[in-house]
Amino acid sequence: MKLAELAKAKPLSLTAEGVFGSTFPNGCHIAEVEVDAETGAAKIASYCAVDDCGVIINHAIVEGQLQGGVVQGAGQVFGEHIVYDPESGQPLTASFMDYCMPRAGLLRELRGAEHPTPSKVSPLGVKGMGESGCTASLPALVNAAIDALRPLGVTHLDMPLTPSRLWHAMQAAQQGQRPRAE
């Protein structure tokens, strides 16, 4: 019997009520970043994440959302930079040939773990997970890069942390100057 036939043969009457509220997932992301002193190129040496997204219905989806979000965040931290012509305002990074996109090799290994705590306001006990990787990766990666440069005296840089920006910050620090904004 097909589903449509079943629905006609066995009519259902259903009434449901629910109390819903906001859920707040949480977690901890830790990154280790190495910066090449000669080129300014950053490498993510290690990335670990533990997230609480409540009751997990599908582990593969949670893992995919975490990985995709962390790589999206890494792309934003280390490369995504829109450049405009100062005279005309015309974008100079108007295609993916000119705009740095995150690629698979950007994050070679991500260690992720789940620490589910059921939500008390969701009937299934679930919490959101979709933005966890991107939200947490930005501060984790920027702080890790700044930690790598801290021995030189660099304590602050604005994103994106492109190789050029990191290299200039290291050069300025070695000359006793503050890093310049690009």
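Using 0.36 nm times the number of residues separating GLU131 and GLN67, minus their current alpha carbon distance, what extension gain do you get? It would help to have the intermediate numbers written out before the result.
Details: separation 64, 0.36 × 64 = 23.04 nm, distance 1.07 nm.
Separation in residues times 0.36 nm, less the Cα-Cα distance, equals 22.0 nm.
Regarding the range 57-147, what whole-number volume in Å³ per residue does the convex hull of its Cα atoms give?
Per residue, the Cα convex hull of the range 57-147 comes to 154 Å³.
Could you work out the mean projected area of the convex hull around the alpha carbons of the range 127-171, in square nanometres to one decimal?
Spelled out: convex hull of the Cα atoms, projected over all directions, averaged, 3.5 nm².
Return one number: the angle in degrees, 0 to 90 and rounded to the nearest 10, between the long axis of the Cα atoms of helix 163-174 and the longest principal axis of the Cα atoms of the chain.
That helix lies at roughly 50 degrees to the long axis.
Subtract the Cα-Cα distance of HIS59 and LEU14 from 0.36 nm times their separation in residues, and report this length gain in nm to one decimal.
Result for the pair: 13.2 nm of gain on full extension.
For the chain, give the share of DSSP beta bridges that are antiparallel, in percent and rounded to the nearest 5; count only bridges with both residues there. Let's see the in-between values first.
On the way: 12 of 16 bridges.
Around 75 percent antiparallel, to the nearest 5.
I want to check the label-to-label distance for ALA172 and LEU152. Put each point 7 Å from Cα in the C-beta direction and report it in nm to one decimal.
1.1 nm
For the range 135-154 and the range 76-131, write down the distance between their C-alpha centroids in whole Å.
Value for the Cα centre distance between the two parts: 17 Å.
Angle between the Cα long axis of helix 59-78 and the longest principal axis of the chain, 0 to 90 degrees, nearest 10?
It is inclined by approximately 20 degrees.
Going highest first, how would you order 125-136, 23-34 by mean Cβ packing within 10 Å? The partial results should precede the final answer.
Working: 125-136: 18.9, 23-34: 17.4.
Output ranking for 125-136, 23-34: 125-136, 23-34.
Just one of [x] 1.02; [y] 0.94; [z] 1.17 is Rg/Rh (Cα atoms, Kirkwood Rh) calculated from these coordinates, so which is it?
[z]
Please give the peptides 47-60, 137-150 ranked by average Cβ packing (other Cβ atoms within 10 Å per residue), highest first, as a rough proxy for protection. Intermediate results must be reported in sequence, preceding the final value.
Working: 47-60: 16.5, 137-150: 19.7.
Ranking, from highest mean packing down: 137-150, 47-60.
Let me know the Kirkwood hydrodynamic radius for the range 1-43, please, with Cα pairs as the basis and the value in Å to one decimal.
Numbers: mean 1/r = 0.0573 Å⁻¹.
Here the Kirkwood hydrodynamic radius works out to 17.4 Å.
Along the Cα-to-C-beta direction of CYS48, a point sits 7 Å from the Cα; which residues of the range 110-133 have their amide N less than 16 Å from that point?
Hits in the range 110-133 for CYS48 at 16 Å: 110-115.
Computed from the coordinates by the stated procedures, all read-outs in this text should not be read as laboratory data. From a predicted model like this one, the values you see are computed outputs, not experimental measurements. Cβ sites come from the backbone with ideal geometry, for glycine too, and all protein chains shown count toward neighbours.
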